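The values are calculated or read from the model by the stated rules, or taken from the named source; none is laboratory data. Keep in mind that what you see is a predicted model, and the values were worked out from it rather than measured. We place every Cβ from the backbone using ideal geometry, glycine too, and count neighbours over all the protein chains shown.
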Amino acid sequence: MARRSYKPLVALTALAIAALAAASLTLVNVTYWVVNATLPPAMKYAGSDVNIAGGKYVKVSYYYDSRTGYNITRISVVGFTGDPTNYTDVIRVCNKRDDVSASVYLRWVGQVGSTGYETYVRRFVVGNTSGTNVNTGVGFIGNTTHPYAGPYTVGPGGCLTLGVHVLIDPELPSAVADGKHVIATYQVNVEVQYSQ
C-alpha cells in the first residue's frame, strides 16, 4: 500500500489558520441619528441706540449667509471724526433659558474686506461699554488688539447689553465723512456657553 503525503495539506491548513488569526473582526451595528430643530437658547436683538435720531447713527439688520449656513447680524454705526463716540446699547444678547445662566464671550475676528479707509479708524472696541473703561471689549485701540472679552454672565431670562466705542481720524476725506460711506467692516463673534 502506498503512503500518501499530507505535508502540502498540513501546510495549507496552517496557512489558513494563520490567515484567520491575522484577520480583523468587523461587526456591523446600525445606529440612527435623528436631527430636530428649535430656536437657539440665546438670541440677539437690536438695542435702544437704533432709535437715536430716527436710526440715523445706528442700524441693526440680519441676513442669512447661504455659504456658511449662519444667520449674520449686521451692525452699522456712525463715528464722528475727531471725537470719541461711545454707543452703549447697540445690541443685546439675551438668554432665553429660564433655568440656567449663560456665559457670553466676545471674539475679535478682524477686518472683513477693504475699503481703503480702514487706517482712519483709530479705535473700535465692542463690549459692555456702559462704563468708562473701553478696554473691556474686543477690537483695537491704535496698534493694540484686544482679541477676547468675557465671560459676561447672563442670568436666566436676562440680557447682556453691548455697545461700541469708535474714534475716527479727523483727517478722513470729507467726501466719505458723510455718514453714508462704509469706511471699515469688522467681524466680532458672540459665543454663548451653558454649563448644563
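Structural remarks
- Residues of segment 62-89 satisfying the condition of being within 30 Å of Glu171 (Cβ to Cβ) and part of a strand (DSSP E or B): Arg74, Ile75, Ser76, Val77, Phe80, Thr81, Asp83, Thr85, Asn86, Tyr87, Thr88, Asp89
- For segment 163-181, the set of residues classified as of a type in the set (Gly, Ala, Ser), surrounded by 13 or more Cβ atoms within 10 Å (Cβ to Cβ) and in a loop (DSSP other than H, G, I, E, B) consists of Ala177 only.
- Within segment 137-162, being touching a residue at least 40 places away in the same chain (Cβ under 8 Å), in a strand (DSSP E or B) and not aromatic (Phe, Trp, Tyr) holds for Val138, Gly139, Ala149, Gly150, Pro151, Thr153, Val154, Cys159, Leu160, Thr161, Leu162.
- Scanning segment 168-196 for residues that are farther than 18 Å from Ser114 by Cα and touching a residue at least 12 places away in the same chain (Cβ under 8 Å) returns Pro170, Glu171, Asn189, Val190, Glu191, Val192, Gln193, Tyr194, Ser195, Gln196.
- Among residues that are farther than 29 Å from Ser195 by Cβ, out of contact with any Pro (no Cβ under 8 Å at 6 or more places or on another chain) and surrounded by 18 or more Cβ atoms within 10 Å (Cβ to Cβ), Gly54 is not included.
- For segment 59-78, a tally of residues being farther than 19 Å from Val190 by Cα and surrounded by 13 or more Cβ atoms within 10 Å (Cβ to Cβ) returns 1.
- Filter result for the condition that a residue is among the small types (Gly, Ala, Ser) and either modelled with pLDDT of 95 or more or on the phi > 0 side of the Ramachandran plot (or both), over Gly131, Gly142: Gly142
- Being within 14 Å of Gly163 (Cβ to Cβ), of a type in the set (D, E, K, R), surrounded by 16 or more Cβ atoms within 10 Å (Cβ to Cβ) and in contact (Cβ under 8 Å) with a residue 12 or more places away in the chain is true of Arg92.
- Residue list for segment 33-44, restricted to those being within 21 Å of Asp99 (Cα to Cα) and either without any contact (Cβ under 8 Å) to a residue 12 or more places away in the chain or not in a loop (DSSP other than H, G, I, E, B) (or both): Ala37, Thr38, Ala42, Met43, Lys44
- Screening segment 103-127 for residues that are aromatic (Phe, Trp, Tyr) and surrounded by fewer than 19 Cβ atoms within 10 Å (Cβ to Cβ) and picking the one that is farthest from Ser195 (Cα to Cα) gives Tyr117.
- For segment 162-180, the criterion of being among the charged types (D, E, K, R) and out of contact with any strand residue (DSSP E or B) (no Cβ under 9 Å at 6 or more places or on another chain) is met by at least one residue.
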